[in-house]
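The values are calculated or read from the model by the stated rules, or taken from the named source; none is laboratory data. Everything numeric here is computed off the predicted structure, so don't read it as measured data. We place every Cβ from the backbone using ideal geometry, glycine too, and count neighbours over all the protein chains shown.
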Amino acid sequence: MRRTSNIPKPDKYRQYQAVEELPPGQQAQVDLGQREVVTTTGKRIKLYIFCLVLSHSRFKYVEWLDKPFTAQTFTLFLYRAFEFIGGVPKEIVFDQDRVLAVSENYGDIIHTEEFERFRRNMKFSVYLCRGNDPESKGKIESVVKYAKQNYAAQRVFDNLVLWNEGCIDWLNRTGNTNIHATTKKVPAEVFKSEQEYLQPIPTIINKPEDSLTRNVRKDNTILYLSNRYRVPRGTYYPGREVELKVKNGYLEVLDIETKELIIIRKISTKKGVIVPNRVERDYSHKIDELRKQALAMLGKGDKGTCFLDRIKQEKPRYIRDQLQLIIKEAEKYSELIIAQALDYCVQKELWSAVEFRNILEYLEQLSQDIDAPDIIDADAIPSEYQIKTEVRDIKAYTALYEGS
């Protein structure tokens, strides 16, 4: 555009000046970023990066997240960075970001409530960069670029835990052990002496909890480290999010607003599994009650027990419905009719509540007939209540054999 429209370049350029190296333990710089990576399935996803660098030694800390940062996750990662370097710098340089600063307020910076509480507990001062001025924190800008292009660009994403473990290995092997291009020193070696100048991490602070948020899926599961974790049926509704906390190898699922514990799951070391691997809809107590009620209506004898056991064996998926039908139908008839229907079902091996209902209906109709016998023959059940095959006369086959 300058060439085609004859627009001259400005005569004035911003002038920079090299700053003196800061004393050990004086300052650290922190910044966030994001980058797309390729997963093992070939899908591209976006990861978010947290970086910290000590200005004196250029010692670095890098950690990744699979969701945008919040004030809570930001303070958690910053606390982990302090644990990694073994102390707290006197001053930390930040970019203006909504997770830590609400307003610059002409120098009287208004921080977010969670970050301000964290800052006061950890006793460090904040240097907030001007908006759109990345040059004022060039050290950390270089670290973010270095982590993206050297670590993330050369790897395939499997899950967040392995990705972050690999990143720490990369820092110990490459990021902090290669000679720095500017200082011509190894950051890990200089850091050994700088660490003595860092402020100790206050012990009175409540450590930020390791928590994440996840969407509840339609099948009442949540995704965590390539696995699906079951939550109670009914937890899902459109847009529902829950909070996850990792404690001592267990995953706590909490309501994101009330912080009420929904369920606890043991974290699985496998991949692509459902935890737990069976449905936890425990109907055993209710089914036991239904069985007791049905057995009482059948007379509590051996035949009743046999009848219910065989129904459960033949129709395990429908045992609840079968028991409910038996109870519903048995309430309509006398003990004598129930006993006769049960005898017939056991004798004919009809292991079905539907068959039991049909026999009850027939016997009830029969009992209203004054000419009916007192004892019901099992073979006397009419065709409308049992299936019979047609028996053809032998003469028909003889005629066909003779060619008639």
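Here is a yes/no grid of residues against (1) out of contact with any Ser or Thr (no Cβ under 8 Å at 6 or more places or on another chain); (2) more than 22 Å from PRO68 (Cβ to Cβ); (3) of a type in the set (D, E, K, R):
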{"residue": "GLN154", "(1), (2), (3)": "yes, yes, no"}
{"residue": "ARG173", "(1), (2), (3)": "yes, yes, yes"}
{"residue": "GLU194", "(1), (2), (3)": "no, yes, yes"}
{"residue": "ILE201", "(1), (2), (3)": "yes, yes, no"}
Hand me the list of strands (runs of 3 or more DSSP E) wholly inside segment 9-102 holding 2 or more residues that are surrounded by fewer than 16 Cβ atoms within 10 Å (Cβ to Cβ). 27-38, 44-54
Sort through PHE74, PHE94, PHE84 and tell me the only one that's out of contact with any strand residue (DSSP E or B) (no Cβ under 6 Å at 6 or more places or on another chain) and in the same structural domain as LYS184 (by TED's automatic domain parsing). PHE74
Looking only at segment 335-349, count how many residues are among the hydrophobic types (A, V, I, L, M, F, W, C), under 13 Å from ARG310 (Cα atoms) and surrounded by fewer than 18 Cβ atoms within 10 Å (Cβ to Cβ). 1
For THR235, indicate whether it is outside the structural domain of THR39 (by TED's automatic domain parsing), modelled with pLDDT under 85 and not acidic (Asp, Glu). no
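Considering only segment 246-267, how many residues are of a type in the set (D, E, K, R) and either closer than 19 Å to ASP219 by Cα or surrounded by 16 or more Cβ atoms within 10 Å (Cβ to Cβ) (or both)? Before you say what the answer is, go through the steps one by one.
If we filter segment 246-267 for residues that are of a type in the set (D, E, K, R), which is where we start, we get 247, 252, 255, 257, 259-260, 265-266.
So of that shortlist, the ones also either closer than 19 Å to ASP219 by Cα or surrounded by 16 or more Cβ atoms within 10 Å (Cβ to Cβ) (or both) come out as 252, 255, 265.
Matching residues across segment 246-267 total 3.
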Residue that is modelled with the highest pLDDT, among those in segment 169-206 that are loosely packed, with under 13 Cβ neighbours inside 10 Å and either among the aliphatic types (A, V, I, L, M) or within 30 Å of LYS259 (Cβ to Cβ) (or both): ILE179
If you check VAL156 against the conditions, is it more than 22 Å from PRO24 (Cα to Cα) and either in contact with a His (Cβ under 6 Å, 6 or more places away or on another chain) or at pLDDT below 85 (or both)? no
The correct count of residues that are without any contact (Cβ under 8 Å) to a residue 24 or more places away in the chain and of a type in the set (D, E, K, R) in segment 211-242 is 3
Single residue of GLU21, GLU36 found to be charged (D, E, K, R) and farther than 30 Å from LEU160 by Cβ: GLU21
Pairs where the first residue, in segment 172-201, is farther than 15 Å from SER142 by Cα and the second is of a type in the set (Asp, Glu) and outside any loop (DSSP other than H, G, I, E, B), C-beta under 9 Å, 6+ apart: THR177/GLU189; ILE201/GLU83
List every residue pair whose Cβ atoms lie under 8 Å apart, where the two residues are 6 or more positions apart in sequence or sit on different chains, the first residue falls within segment 287-310 and is touching a residue at least 40 places away in the same chain (Cβ under 8 Å), and the second residue, located anywhere, is of a type outside the set (Gly, Ala, Ser) and surrounded by fewer than 14 Cβ atoms within 10 Å (Cβ to Cβ). MET297/GLU331; GLY299/GLU335; ARG310/GLU349
